[in-house]
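Notes to accompany the following structure.
The values are calculated or read from the model by the stated rules, or taken from the named source; none is laboratory data. Just so it is clear, the model here is predicted, and its values are computed rather than measured. Quick reminder, even Gly has a Cβ in these numbers, built from the backbone with ideal geometry, and neighbours come from all protein chains shown.
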């Protein structure tokens, strides 16, 4: 009868030898990698890899990439901006933190003076991504895009008493302050060529132009406008028209890096609705005031009052 030790010695010694070699290699290679400054990417082949559904090619790509570079709009608060201490902040920064945790790679900002300079950097292939921007035909020439983080609408901002009953059509011949290079700059020039455009570098400048009477209106998201109007105490500004344009911010990736684009798409798809709500609630400001001279609003209020009066009279009659 052969004992247990004899059985192992006679039948399993090749397996034991192989296991010993593997353990020795693992014990040696881990500190060696650390000493050589290489990243430990084993998490990509376990939890993160499973969560994102990364392919072997994508995991190896991340294992060889030390950082992801990006440029931003320094003054697009609260979506993204650079604060007084030169830190990248806003919704875009919060999304990058989540994505960085998922892929195990840090993001590094390349400083720029304004959005126009950031777009040029991306156009020239000198940064990997633009964290949060809208997709346009022009930008699609040099960027690949992920799905949107969220969707919101654009509104026209002007002074009180200037409600545009027919929406953007009432802006014909009037002057609109627009940030050069923004999505709405492209859209307005394409769809409403009769509108006179004055270009500025930031939305803050656009709002001041409207407040000071140097432009009839500007166009922005309610979130951005509410933030800037409150910050600068521009109490004379209101929503004077709604539009059919939508703000669908997403990440843009340099067009020659398809692997990175696929990884970013998977990372953003993995962000849960709860995580998105936490980010949104952190940056949501007070609602903008809507011009009270809106005829549609007045008509709706009158209809509501008539209906309520009718219900009340019917109730009294039944009693």
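Checking residue 144 against (1) in a helix (DSSP H, G or I); (2) within 24 Å of the chain's Cα centre (by Cα), only one condition comes out false. Which one?
All conditions pass for residue 144, except number (1).
Surrounded by 18 or more Cβ atoms within 10 Å (Cβ to Cβ), closer than 30 Å to residue 164 by Cα, modelled with pLDDT under 55 and not assigned by TED's automatic domain parsing to the domain that holds residue 64 - does that describe any residue in the range 281-298?
Looking through the range 281-298, at least one residue is surrounded by 18 or more Cβ atoms within 10 Å (Cβ to Cβ), closer than 30 Å to residue 164 by Cα, modelled with pLDDT under 55 and not assigned by TED's automatic domain parsing to the domain that holds residue 64.
Among 171, 176, 203, 209, which is the only one that is at pLDDT 95 or above and under 28 Å from residue 107 (Cβ atoms)?
203
When you check residue 235 against the structure, is it touching a helix residue (DSSP H, G or I) at 6+ places or on another chain (Cβ under 9 Å), at pLDDT below 95 and more than 23 Å from residue 72 (Cβ to Cβ), yes or no?
yes
For residue 260, work out the one condition from (1) under 23 Å from residue 199 (Cβ atoms); (2) in contact with a strand residue (DSSP E or B) (Cβ under 6 Å, 6 or more places away or on another chain); (3) modelled with pLDDT of 95 or more it doesn't fulfil.
In the conditions (1) under 23 Å from residue 199 (Cβ atoms); (2) in contact with a strand residue (DSSP E or B) (Cβ under 6 Å, 6 or more places away or on another chain); (3) modelled with pLDDT of 95 or more, residue 260 misses (1) alone.
Going by the structure shown, is residue 97 within 18 Å of the chain's Cα centre (by Cα), assigned to a helix (DSSP H, G or I) and either without any contact (Cβ under 8 Å) to a residue 12 or more places away in the chain or in the same structural domain as residue 241 (by TED's automatic domain parsing) (or both)?
yes
Within the range 112-120, does at least one residue satisfy the condition of being outside any helix (DSSP H, G or I), touching a residue at least 40 places away in the same chain (Cβ under 8 Å) and touching a helix residue (DSSP H, G or I) at 6+ places or on another chain (Cβ under 9 Å)?
Yes: the range 112-120 contains one or more residues that are outside any helix (DSSP H, G or I), touching a residue at least 40 places away in the same chain (Cβ under 8 Å) and touching a helix residue (DSSP H, G or I) at 6+ places or on another chain (Cβ under 9 Å).
Name the residues in the range 236-261 that are assigned to a strand (DSSP E or B) and under 30 Å from residue 124 (Cβ atoms), would you?
Selection gives 245, 246, 247, 250, 251, 252, 253, 254.
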